[in-house]
Amino acid sequence: MPYQKRVNCFIEVIKTQPDLFTATDWIELAEIVNQLSEDSAEIWQAISHWIETHPEIKATYKTKLETTSTPATSLDKHLGPGGSQPKESPDQPTGDPALLEKLKNEIHLHKPLDLPKQSPS
């Protein structure tokens with residue numbers, strides 16, 4: 001699934017370059033992932049939206065994705081007529097339950113311990 005691959009690539013950025021993330025970034029990411037279901041598409045949509053507002057992280061993510069991508073020829077084998085993405089059947093699960101847990105764990109493991117405390121509003 002392409003969404004799982006993209007989320008896993010983002011997790012690799014967290015693992016290998018946690019210094020790119022500010023204390024605020026860690027707080028935002030933790031809040032985002034705590035509101036998500038296990039649906040890979042939903043997870044990726046939330047992360048990709050967040051990445052768009054963080055150019056340095058986005059650039060690092062794109063570089064990592066390009067270096068881990070499979071050649072276009074192998075991707076073409078999974079495309080439908082006219083190069084379209086095949087649709088998943090409704091009874092097929094759209095996500096990996098472990099993917100969300102993996103993302104949550106990596107955010108928790110790599111965020112700094114001395115995050116600023118938020119004052120109640």
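Phi angles of the stretch 106-112 translate, via the Karplus equation with coefficients 6.51, -1.76, 1.60 and θ = phi - 60°, into HN-Hα couplings of 5, 4, 5, 5, 9, 6, x Hz per residue; Gly and Pro are given as x. Between GLU66 and ASN8, the contour length at 0.36 nm per residue exceeds the Cα-Cα span by 19.6 nm. Tally Lys and Arg at +1 and Asp and Glu at -1 over the other residues with C-beta under 12 Å from the C-beta of LEU36: what net charge comes out? The answer is -4.
No lab work stands behind these numbers, since they all come straight from the coordinates. All figures in this text were calculated on a predicted structure; none of them were measured in a lab. Please note: Cβ atoms are built from the backbone with ideal geometry, for glycine as well, and neighbour counts cover all protein chains shown.
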